1. Given the conditions (1) open to solvent by less than 30 Å² (accessible area, probe 1.4 Å); (2) within 17 Å of I243 (Cβ to Cβ); (3) near the ligand (Cβ under 9 Å from one of its atoms), and given that D134 satisfies all but one, which numbered condition is not satisfied?
2. Name the pairs: first residue in segment 253-266 and more than 16 Å from G135 (Cβ to Cβ), second residue open to solvent by 20 Å² or more (accessible area, probe 1.4 Å) and in a helix (DSSP H, G or I), Cβ to Cβ under 8 Å, at least 6 apart or on different chains?
3. Can you tell me which of (1) open to solvent by 30 Å² or more (accessible area, probe 1.4 Å); (2) at pLDDT 95 or above is the one G179 doesn't meet?
4. Here are some conditions: (1) of a type in the set (F, W, Y); (2) away from the ligand (no atom under 15 Å from the Cβ); (3) buried (at least 22 other Cβ atoms within 10 Å of the Cβ). F167 meets all but one. Which one does it not meet?
5. Take R139 and tell me if it is closer than 18 Å to E220 by Cβ and open to solvent by 50 Å² or more (accessible area, probe 1.4 Å).
6. Tell me yes or no: at least one residue of segment 155-164 is in a loop (DSSP other than H, G, I, E, B) and either of a type in the set (A, V, I, L, M, F, W, C) or under 29 Å from L64 (Cβ atoms) (or both).
7. Considering only residues that are surrounded by fewer than 24 Cβ atoms within 10 Å (Cβ to Cβ) and not in a strand (DSSP E or B), which ones fall in segment 25-37?
8. Among (1) closer than 27 Å to G9 by Cβ; (2) at pLDDT 95 or above, where does A208 come up short?
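The values are calculated or read from the model by the stated rules, or taken from the named source; none is laboratory data. All of these numbers come straight from a predicted model, not from anything done at the bench. Neighbour counts run over all protein chains shown; Cβ positions are idealised from the backbone, glycine included. Each accessible area value is taken on the protein alone, full model and side chains, heavy atoms only, with ligands, DNA and RNA left out. Shrake-Rupley method; radii C 1.70, N 1.55, O 1.52, S 1.80 Å.
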Amino acid sequence: MKAIVVGGGIGGLAAAVSLRRVGWEVQVLERAAAFGEVGAGIGVMPNAVRALEWMGVADEARRLGTPRVSGGIKSSDGRWLAHLPAVGQEKIIAMHRADLHGVLLRALPPEILFNNVEVTSVEELDADLVVAADGINSRLRAELLPDAPGPVYAGATAWRGVAPGPFDLPISQTLGPGGEAGLLPLGDGRLCWYVSTVAPAGASLDPAQVFADWHEPFPELLATTPEILRHDIYELPLLPTFISGRVALLGDAAHAMVPYMGQGACMALEDAVTLASVDGDLVRYDALRRPRAQTLWKASKLAGKFGIEVRSPVALAVRNSVYRMLPGSVAVRGMTRFSSWEVPAMPR
Ligand SMILES: Cc1cc2nc3c(=O)[nH]c(=O)nc-3n(C[C@H](O)[C@H](O)[C@H](O)COP(=O)(O)OP(=O)(O)OC[C@H]3O[C@@H](n4cnc5c(N)ncnc54)[C@H](O)[C@@H]3O)c2cc1C
């Protein structure tokens, strides 16, 4: 059985690795001139670590990731609101996105990877299974589900970078007026960071000004990080299905969500191993993946309402004191409650 995967991002490569493990012949078609990932850090949550384990690449991911994950949630003045219990890499792997992408890429033979191939229609593809992993602006989705609405602006913009360091800081998420920020230290001393703020689409903003009053190291990082990326945040309204004929939508093509739960790419990893588990039964893939991914989509949106979207001083004070009163494990439950997912049983 032959599968063609359209898109060589984290989702597409994970699908290729997973399908090959259960015996599919796979090709990956990527429109860019090279396979790669930009961006900053990613926390591979325990649910997605299980997916990497099943793919056989978790050990290499652990080798490249941060060995021990501890930290918590802060307010923008730098005070701790909640502490994450320290866990090791067996639970969460904090790593650079490019490293995660590289781990998946190295698990695939180069002869199945094709660059400079922009797929414009499923009709072009001769395969038993087509995996549409072509991202939030998926051409294949637009072709197959023409009535489904496309991505919409989610009301916030983000800047991300990787500072060379060396830094020795815990992992943290910071919540402030109309914004949030985060630090993900890598094992080699580099520091992945992001800041995001509510803003109209395409607003011309200087992040150094927006975050000037936030605790260090954010002002320093914004002033000194060599390359800073900006992304306006879009989300994909919920789809009625993740499948059409022999095509399975996967990753952001199926369920692009706001990043406030840090689970978007983790969902793509879950999609990939689930697709391999259903033995070509796409109805089962849809039944297993759509409720799960759309629950995360809704939870991420809700996290934004209690996070980045809180602006008034009164609401901020209430939220911060609620965080301080809660036991740490409850305060970070928003981040951990989706972690118990298990890889579905595989075909015999
Ligand atoms: C600011 C921000 C922070 C985030 N933080 C996190 C986080 O901490 N944790 C987490 O889990 N997730 C996070 N996410 C979400 C995560 O980035 C995405 O969910 C994930 O990268 C989606 O991967 P994908 O492979 O589905 O899509 P993409 O990464 O978009 O890959 C799609 C690929 O398809 C290719 N392509 C597109 N069209 C075609 C075509 N027609 N033909 C051939 N190839 C094509 C593209 O070139 C690209 O390589 C964040 C997202 C944002 C915006």
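1. (1)
2. Y260/K301; Y260/A303; M261/A303; M261/G334; M261/M335; G262/M335
3. Result: G179 passes all but (1).
4. Only one criterion in (1) of a type in the set (F, W, Y); (2) away from the ligand (no atom under 15 Å from the Cβ); (3) buried (at least 22 other Cβ atoms within 10 Å of the Cβ) is unmet by F167, namely (3).
5. Values: closer than 18 Å to E220 by Cβ: no; open to solvent by 50 Å² or more (accessible area, probe 1.4 Å): yes.
No; evaluated as a whole, the condition is false for this residue.
6. The first filter runs over segment 155-164 and keeps only residues in a loop (DSSP other than H, G, I, E, B), leaving 164.
In the following step, the residues that additionally are either of a type in the set (A, V, I, L, M, F, W, C) or under 29 Å from L64 (Cβ atoms) (or both) were identified as 164.
Checked against the condition, which is being in a loop (DSSP other than H, G, I, E, B) and either of a type in the set (A, V, I, L, M, F, W, C) or under 29 Å from L64 (Cβ atoms) (or both), segment 155-164 yields at least one hit.
7. R31, A32, A33, A34, F35, G36, E37, listed by residue number.
8. Unmet condition: (1).
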